[in-house]
Amino acid sequence: MIFAIEEINNSTKLLPGIRLGYQILDSCASVSMAVEVAFQLSSGLDQVLYTADNCSQSGMVKAIVGESGSGQSIAMLRVIGSFNIPQVSHSATCACLSNKQHFPSFFRTVPSDQFQADALAKLVKRFGWTWIGAVRSDTDYGNYGMTSFLNAAYKEGICVEYSESFYRGDPRSKIQRVADVIRRSTAIVVVAFAAFGDMSVLLKELSHKPSPPRQWIGSESWLIHPDMLKFTFCAGAVGFGIPRSIIPGLRDFLMDLSSTKVATSPILTEFWEDAFNCSIKKGAATNKRVCDGSEDIKKLQSPYTDTSQLRITNMVYKAVYAIAHAIHDAVCQKINLTTQCDKLISIEAKQIYSQLKKVNFSQNGYHVSFDANGDPVAMYELVNWQKSKSGSLEMVTVGYYDASLPEGQEFHIYQNLTWMEDRTQVPVSVCTNSCPPGTHKVLQKGKPICCYDCVQCPEGEISNTTDSRNCFLCPKEFWPNAERDTCLPKPVEFLSYNEVLGIILATFSAGGACLAVITATVFFRHRTSPIVRANNSELSFLLLFSLTLCFLCSLTFIGVPSEWSCMLRHTVFGITSVLCISCVLGKTLVVLMAFKATQPGSNIMKWFGPPQQRMTVVSFTFIQVLICTVWLVFNPPFPIKNLSTYKDRIILECALGSAVGFWAVLGYIGLLAVFCFVLAVLARKLPDNFNEAKFITFSMLIFCAVWITFIPAYFSSPGKFTVAVEIFAILASSFGLILCIFAPKCFIILFKPQKNTKKYIMNIS
């Protein structure tokens, strides 16, 4: 401070012709002493340390540089606030001091702890730590700072396992308790918002009994203090520091210190005697030798002579210059490119306070200005405690934090950090490990939000990010993979020619059609034989033709459903089935009419000859054609993607369109089958040696049984098996007809030709 004042007093640009005076008082880091000092400064009763003939003393100070601590600053402001004396602190960082309603005359060149708290929270978030411990000084600095940090940490999603306060004057039992909390905790990272003196006491207690390794995150008050580097178990500590600076000329000023100057100042006397272990005053009651003038301060290695790590020192320098610029703006004005200052003007502290709010200048490359709260632009160095080659700890600047930059760009780290236990990998400090994709977080009851269980996503849902809070449904036609972290297209399922079931059914369908063609061929080659002629060869050939179509129509049920296949499969089946039943019904009626015709005086066969038989078949079939036509015109079947039967796949199938049309087709087939079955039962005991009605009865019995069982099987079969059941019913009923009606005849034709005679057929048993 003295250096800055002398530099200003020798300046020709700042306050030319005006010299500043000063008083230096020591609060001894005590609130009560700070109050006493504040009264002395505001009353003007204390003796002036720096005097000169041309110094006009006004009695009351116009501005104050200080205090170092936030608690002491607050205490002083309570006293001097009513006098409107501006106070510019170089080290008081409590966010509470930014409250202009309570502390309107307070300014500072050091950033508010609100900025540091936000920066610490972002630092913790940047390295992925979500489970931390927190300790603080039980002072305004620690309590306000930690409150700001905890609020910022909460917004960043960081959880705090414990938050302990302590003070260096507390009983050792309380310090031990805080140390034990740190030792027992599961949080690896500890954020300490504490003053140097308090933190020194806590770390000393922790050094007595080794604790698990902890990653310390510190506030600038203790982290950049050189005396803290003796705690080697804190290696890897990370935190913020006031930016270092070079003040030109300061080292030379400090080196220009003679024993004569030292003797005039109690402060310098104490420093000199401690530095060189000698006594300035002769005859003093001490064991130290008397300083003889051989002491050379330039050879001294101490923090006093080291001007390479100036941090708070530069804040003092800025504070003095800020006050000088405020006075300059109040008493000086520029006239014709020349600055003229009124030496005799009497200025009030209130004027300096008003000008301080407006100051905006640069000194030694550093910008100085204050915002509406009296705070400067927040800029911090990121400091890391690293081991040197000699094994001792040293503070290394690895980056910086600039609060004026856009969100997310405040940090700039340009050097690798080392962590606790000299690790190069960032330590992990979480309550629960990250939940991988495919799971989501479920909070543990009664615990902070950072403590959770990783639960697999429910069926049909995925999460594709780490630590997902929720799972989300896949789109309709997609389904999660086994890990439930990706939605994949659902496999499409339909009865295909490429699968075993489709091949088997297609083989039987083709085999049945071939069997019908072979049977027709046998009948055609033996069309003049009695057994073929006796069983109405015309209806037999028509029946075989319709059975061939029945076998082949089942092939339309196999393959990818399309609009045409969906319309064809049910309608073709319905028409060909009715054609089959109509032929069988015609054959049954022929048997009944033939028996009636053998009775005396009966001429019934005249009314049921071949034309009438053809008309019967055509009429019954035409009704089914009409039903199918109405169905196709008004609401035909169509292909759909069935997403409801199975959750994990898509079934390609044909929707019925009109359920009434579908059941009308089946109902009509069933009605004809039952009617035919009843007539066949009535004709089964007629006295023919080869009574075809017996075989028709069996075939209709099989037909009806198949389609009765088809109904429940159709509704209970899922997906493609619904189609398979329908094909099976078609094939089973068709095979029943061809085997029951034509197999016995083919057997006689091919293997028992002796029975294929008119005599045998006409023989009445």
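The values are calculated or read from the model by the stated rules, or taken from the named source; none is laboratory data. Computed from a prediction, not measured in an experiment: that's the story for all the values here. Using ideal geometry, Cβ is built from the backbone for each residue, glycine included, and neighbour counts are taken over all protein chains shown.
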Looking at segment 52-70 only, could you name the residues that are farther than 23 Å from Gln114 by Cβ and modelled with pLDDT of 90 or more? Ala63
Can you find a residue that is loosely packed, with under 15 Cβ neighbours inside 10 Å, touching a Ser or Thr at 6+ places or on another chain (Cβ under 9 Å) and either at pLDDT 90 or above or not assigned by TED's automatic domain parsing to the domain that holds Ala75 (or both) anywhere in segment 15-25? yes
Can Tyr414 be described as under 42 Å from the mean Cα position of the chain (by Cα), closer than 20 Å to Trp222 by Cβ and in the same structural domain as Val189 (by TED's automatic domain parsing)? no
Every residue from segment 433-463 that is buried (at least 17 other Cβ atoms within 10 Å of the Cβ) and touching a residue at least 60 places away in the same chain (Cβ under 8 Å): Cys450, Cys451
Within segment 691-738, how many residues are aliphatic (A, V, I, L, M) and under 60 Å from the mean Cα position of the chain (by Cα)? 13
Taking the options Ile297, Ile323, name whichever one is under 13 Å from Lys62 (Cβ atoms) and in contact (Cβ under 8 Å) with a residue 40 or more places away in the chain. Ile323
First in segment 734-745 and within 15 Å of Thr548 (Cα to Cα) and assigned by TED's automatic domain parsing to the domain that holds Trp707, second anywhere and of a type in the set (Val, Ile, Thr) and part of a helix (DSSP H, G or I), Cβ under 6 Å, 6 or more apart: Gly736/Ile702; Phe742/Thr519
Only one of these conditions is not met by Glu394: (1) out of contact with any Lys or Arg (no Cβ under 7 Å at 6 or more places or on another chain); (2) part of a loop (DSSP other than H, G, I, E, B). Which number is it? (2)
Go through Thr571, Thr576 for me and flag whichever is within 25 Å of Cys746 (Cβ to Cβ) and either over 51 Å from the mean Cα position of the chain (by Cα) or not assigned by TED's automatic domain parsing to the domain that holds Ala513 (or both). Thr576
For Phe240, indicate whether it is of a type in the set (Phe, Trp, Tyr) and either under 30 Å from Val368 (Cα atoms) or assigned by TED's automatic domain parsing to the domain that holds Gly399 (or both). yes
Can you find a residue that is of a type in the set (Val, Ile, Thr), within 30 Å of Asp467 (Cα to Cα) and not in a helix (DSSP H, G or I) anywhere in segment 114-126? no
Among the listed residues Ile345, Ile323, Ile413, which satisfies the condition of being of a type in the set (A, V, I, L, M) and modelled with pLDDT of 95 or more? Ile323
Filtering segment 179-195 down to residues that are part of a helix (DSSP H, G or I) and surrounded by 19 or more Cβ atoms within 10 Å (Cβ to Cβ), which residue is nearest to the chain's Cα centre (by Cα)? Ile182
Any residue at all in segment 697-712 that is at positive phi and either in the same structural domain as Pro480 (by TED's automatic domain parsing) or modelled with pLDDT under 85 (or both)? no
Hey, could you check segment 427-477 for residues that are among the charged types (D, E, K, R) and touching a Lys or Arg at 6+ places or on another chain (Cβ under 9 Å) and say which is nearest to Ser185 (Cα to Cα)? Asp453
Selection from segment 72-105 of residues in contact with a Pro (Cβ under 8 Å, 6 or more places away or on another chain) and crowded, with 22+ Cβ neighbours inside 10 Å yields Thr93, Ser105
Can you confirm whether Ser211 is on the phi < 0 side of the Ramachandran plot, out of contact with any strand residue (DSSP E or B) (no Cβ under 7 Å at 6 or more places or on another chain) and outside any loop (DSSP other than H, G, I, E, B)? no
Considering segment 476-504 alone, what residues qualify as being in contact with a Pro (Cβ under 9 Å, 6 or more places away or on another chain), surrounded by fewer than 19 Cβ atoms within 10 Å (Cβ to Cβ) and within 15 Å of Tyr646 (Cβ to Cβ)? Glu477, Phe478, Leu488
Quick test for you: out of Gln351, Gln386, pick the one residue that is assigned by TED's automatic domain parsing to the domain that holds His325, of a type in the set (S, T, N, Q) and outside any loop (DSSP other than H, G, I, E, B). Gln351
Segment 407-432: number of residues that are under 30 Å from Lys389 (Cβ atoms), part of a loop (DSSP other than H, G, I, E, B) and in contact (Cβ under 8 Å) with a residue 12 or more places away in the chain: 11
